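The values are calculated or read from the model by the stated rules, or taken from the named source; none is laboratory data. Just so you know, these numbers come straight off a predicted model, no measurement behind them. FYI the Cβ positions are ideal-geometry reconstructions off the backbone, even for glycines, and counts take in every protein chain you see.
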Amino acid sequence: MSKLTLNGVSKAYGATLALRRGDLEIAAGEVHVLMGSNGSGKSTLCKIIAGSVRPDGGEILIDDRSVTISGPQSAREQGIGIFYQELSLAANRSVEENVCLAMLPVKAGIFVDRAAMKALAARYIDLFSGVSGDGFAAETLVGNLRADQRQLVEIMKALASEAPILIFDEPTSALDRAQVDRFFHILRGLKRDGRGIIFISHRMDEITAIGDRVTIIRDGETIKTLNLSETDPATVIRLMVGGAGDMPASQSSAPAVASFAAGAAMTVDRLSGAGFRNVSFEVAKGEILGLGGLHGQGQSAVLRAIFGASSEMSGEIRIGGDRFDAKSPRDAIRRGCAYVSGDRGRDGVIAGRPIIENVTPIHYLRDRLMIARPSSLKAKAMPALEAMHTKFASLMHPINSLSGGNQQKVIIARWLIDKPDVLLLDDPTKGIDLSAKADLFALIRQLASEGLGILLYSSEDAELLGNANRILVFNGGSVTRELTGEDRTRYNLYQAAYEAA
Amino acid sequence: MTPTTIETPSARPGGLKLWLERYPFLPALIIVVALLALNGAFSPNSLSYRSLTGLLSTYMALIMLAIAQTYVVSAGDIDLSAGATLSLVNVAIVVLMEKWGGGAGAVIGAMICGILLGLACGVINGIVVAALRLQAIVATFATSIFFTGVALYVMPVAGTPAPALFWRTYGGRLLGLPFVFYVLAALALLLFLLSRTRLVTQLLAVGDDQQAAYQTGLPVVLVRIKGYALCGLFSALAAFCLTGDTASGDPLVGSKMTLYSVAAVVLGGSALAGGWTTVVGSLFGALTIGLVNSLVFFMGTPSEWQNFVQGLAILLVLMAGVLAGRRARA
């Protein structure tokens, strides 16, 4: 008998389909693994079940009865508990308050029954006694905990719901071995109780250790459900990738430049910092070096560290033979380093200001410009914008009047007025449309052919396979594999990304 | 290099940080003590029992209003209509007490009406901000104009006196102790009880991270509305104290108090972004403002310079509090 069934559930955000068609069936007493690459719709599916995202269509059945889940509160009442990937904790509340937050025990109708709350929280805190690490206590404020300890609190919170259906969306990403073992031990107990468990992880060894069945989800569509005992990792990865997985990167998207004998544009030697360690590589002039792997394995952290945007790091960086260790982004820009982030709102756009002001800040910095005439600035800004095929009404229109793709073009154009030596691209195509992407990569290839060294991190594997000369696969903060030439296949990329660290 | 060296754990806070976490109002308390000492230095008489009682009864209204503000700030909201609510309740109870004859029954009846009126104003704010999702600053600014309009309708001109029974009780003594001490004791008890309620924990969780609270399954909209209702309730209590102190009705009396109440919340050590607040700190914050004002007076500042010195002093106190807090938490 099935605890939970989803039939054709879908969700769209504006024009983007986050979930095209979700079909899922969870049996009592099983751990059901969801697998799919970045942005395939796993988290959307989980949030729909947990009520925090409302589906556009489809049907949800619990214990074979059709139900409507109107919000997280109603999901909870219908017996669904969830671990959120991005966590749902209150940083200024204690561990025990967080664990019990959804159902604080009360006395006299309005007062928190602190004794009952302590007893309730202790039951779940004790489950992890011995592995929860230094400084972990029921009264500690969650904001004072380490990342792994916070993740444990979110696990305890999900367990405290005592829900018959439990969802764990990447619960193990920050946990150490002992913590994962303890968690799996608890999960096995829940299985024996007949709970239905949805489990998401990117680590193949964990999936085979705990999972019973796996459902593969690709491009927002659930593809297939398999028994894990009757399949092997290679089959699973092939299904995630789709039919074209074994083919090398197609001919039309061959690397921009075949030979680059001009020397190294940038050398990075044993770079370590928050979120990555011992990263070494060399980018030749004219080369596009891809950084691949699952999201958040240290790729962005490395790029930001090179650009001088993170505080602590060790190792050596050289640009064109000179020692380069930028103390701040301002410093990095002066020395010929450029950085484009996919997070335009945070790192790029000067919101509400005209396009011309958004194109020229780097020029001001590099030329130490104090006073400028609009006409001469315009003469410098226009070629850069035209190189990107940017569509805009006039230079004086606010940048917010442009679409996301055109905004990103403006951001990139600002680096083109004074050419840098090294271009760092940190998932630059996040949330922009296909034609803008095509323009962007055409330009990136042209820049490479002019001799720039380019570092490209993309969460979309097709972009890496189609544009990078070499791909460094990141896993757990360090480079685990390098793919060159014929090895640059979708299959190899997935395999390297999903290997246990 | 091992992962443990990359992530330096700050799980065990230092002694001072632990103290601040448990008693976030400590910097505000120290500032109040320092200001009292300064007041005493300029005018020893200002530390007498009599003048301290006077200070308390004058600033009790601001203390109540700052506490009212604290509950909405807890949830990450703000209420710029707290002062207008105070004015409205002030004129309403004065008019009702006069109409009903000014006896004990009239006073109690009017106070019950005042509390209901304050709650109603709070609920209106809550619905406008939380349910209709309007920007808290602008929406409560708009309701403040609306409430002021109603207050002006109830009492177009300031000056109607409150019945003698009311202000004589507030300014008088009971069993040998000033009445305002009983008010303070009752307030302390009320704050203690409130701090134990589920609502306050939920308000703080909402202020900490509204999305997380929603995903946890908390009724976020309802919690925020209740926060505003609590603010309305305390605004009404503030109006009672003010009426007891001024002994008359004034439809515009509270308008300049609103931002003082916000300042008191911050001076007390609460985070304006929500999730981290202290009502006791707000009490000290309000006293800080009162003591700064009296200090400016005792220093013999020429009247045309009083605003200037007052503003400068509050700025200095704010800087001292922020620096102390930052050093301790680092």
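Checked against the criterion of being in the same structural domain as A:Met382 (by TED's automatic domain parsing), closer than 30 Å to A:Leu369 by Cα and surrounded by fewer than 19 Cβ atoms within 10 Å (Cβ to Cβ), the stretch A:450-457 has at least one qualifying residue.
Of the candidates B:Leu230, B:Leu237, B:Leu218, the single residue that is within 14 Å of chain A (Cβ to nearest Cβ) and within 20 Å of B:Val265 (Cα to Cα) is B:Leu230.
Annotation note: Cβ proximity below 9 Å between a residue of the stretch A:277-289 that is more than 13 Å from chain B (Cβ to nearest Cβ) and at positive phi and a residue that is among the small types (Gly, Ala, Ser) and in a strand (DSSP E or B) (sequence gap 6+ or interchain) occurs for A:Gly286/A:Ala265; A:Gly286/A:Gly453. Inspect all residues belonging to the stretch A:74-86 and state whether any of them is crowded, with 24+ Cβ neighbours inside 10 Å and out of contact with any helix residue (DSSP H, G or I) (no Cβ under 7 Å at 6 or more places or on another chain). The answer is no, given that none of the residues of the stretch A:74-86 is crowded, with 24+ Cβ neighbours inside 10 Å and out of contact with any helix residue (DSSP H, G or I) (no Cβ under 7 Å at 6 or more places or on another chain). Please work out which residue is nearest to the other protein chains (Cβ to nearest Cβ), limiting yourself to the stretch B:163-204 and to residues that are assigned to a loop (DSSP other than H, G, I, E, B) and exposed (fewer than 14 other Cβ atoms within 10 Å of the Cβ). For the stretch B:163-204, the residue satisfying everything is B:Leu175. Among the residues making up the stretch A:133-142, a single one is more than 7 Å from every other protein chain (Cβ to nearest Cβ) and either within 13 Å of A:Ala174 (Cβ to Cβ) or without any contact (Cβ under 8 Å) to a residue 24 or more places away in the chain (or both): A:Gly133.
For the stretch A:83-103, filtered to residues that are more than 9 Å from chain B (Cβ to nearest Cβ) and not in a loop (DSSP other than H, G, I, E, B), the residue that is nearest to B:Phe192 (Cα to Cα) is A:Ser94.
For the stretch A:436-473, filtered to residues that are polar (S, T, N, Q) and outside any helix (DSSP H, G or I), the residue that is nearest to A:Met240 (Cα to Cα) is A:Ser459.
The residue that is nearest to the other protein chains (Cβ to nearest Cβ), counting only those in the stretch B:21-31 that are surrounded by fewer than 20 Cβ atoms within 10 Å (Cβ to Cβ) and aliphatic (A, V, I, L, M), is B:Leu29. Across the stretch A:53-82, which residue is farthest from B:Val221 (Cα to Cα) among those that are assigned to a loop (DSSP other than H, G, I, E, B), more than 14 Å from chain B (Cβ to nearest Cβ) and under 29 Å from the mean Cα position of the chain (by Cα)? Restricting to residues being assigned to a loop (DSSP other than H, G, I, E, B), more than 14 Å from chain B (Cβ to nearest Cβ) and under 29 Å from the mean Cα position of the chain (by Cα), the top hit is A:Asp56. Among the residues of the stretch A:314-350, those identified as modelled with pLDDT of 80 or more and more than 22 Å from A:Pro361 (Cα to Cα) are A:Ser314, A:Gly315, A:Glu316, A:Ile317, A:Arg318, A:Ile319.
Checked against the criterion of being surrounded by fewer than 18 Cβ atoms within 10 Å (Cβ to Cβ) and either facing another protein chain (nearest Cβ under 8 Å) or within 26 Å of the chain's Cα centre (by Cα) (or both), the candidates A:Val153, A:Val106 yield just one match: A:Val106.
Look at A:Glu463 and say whether it is surrounded by 23 or more Cβ atoms within 10 Å (Cβ to Cβ), at pLDDT below 85 and not hydrophobic (A, V, I, L, M, F, W, C). Yes: the conditions hold for A:Glu463. Considering every residue within the stretch A:120-129, establish whether at least one is closer than 20 Å to A:Leu166 by Cβ, in contact (Cβ under 8 Å) with a residue 24 or more places away in the chain and either at the interface with chain B (Cβ under 7 Å from one of its Cβ atoms) or part of a loop (DSSP other than H, G, I, E, B) (or both). Yes, that holds for at least one residue.
Looking at the stretch A:396-410 only, could you name the residues that are in contact (Cβ under 8 Å) with a residue 60 or more places away in the chain and of a type in the set (Gly, Ala, Ser)? Once the filter is applied, which keeps residues that are in contact (Cβ under 8 Å) with a residue 60 or more places away in the chain and of a type in the set (Gly, Ala, Ser), the stretch A:396-410 yields only A:Gly404. Applying the criterion of at least 1 residues that are exposed (fewer than 13 other Cβ atoms within 10 Å of the Cβ) to the helices (runs of 4 or more DSSP H) found wholly in the stretch A:309-379 leaves A:329-334, A:344-347. Within the stretch A:430-438, identify whether any single residue is surrounded by fewer than 23 Cβ atoms within 10 Å (Cβ to Cβ) and under 30 Å from A:Arg318 (Cβ atoms), and answer yes or no. Yes: the stretch A:430-438 contains one or more residues that are surrounded by fewer than 23 Cβ atoms within 10 Å (Cβ to Cβ) and under 30 Å from A:Arg318 (Cβ atoms). Checking each residue of the stretch B:94-109 against the condition of being within 22 Å of B:Tyr71 (Cβ to Cβ) and surrounded by fewer than 13 Cβ atoms within 10 Å (Cβ to Cβ) gives no match. When we screen A:Leu145, A:Leu166 for residues that are in contact (Cβ under 8 Å) with a residue 60 or more places away in the chain and buried (at least 22 other Cβ atoms within 10 Å of the Cβ), the only hit is A:Leu166.
Screening A:Phe184, A:Phe168, A:Phe199 for residues that are more than 12 Å from chain B (Cβ to nearest Cβ), assigned to a helix (DSSP H, G or I) and of a type in the set (Phe, Trp, Tyr) leaves exactly one candidate, A:Phe184.
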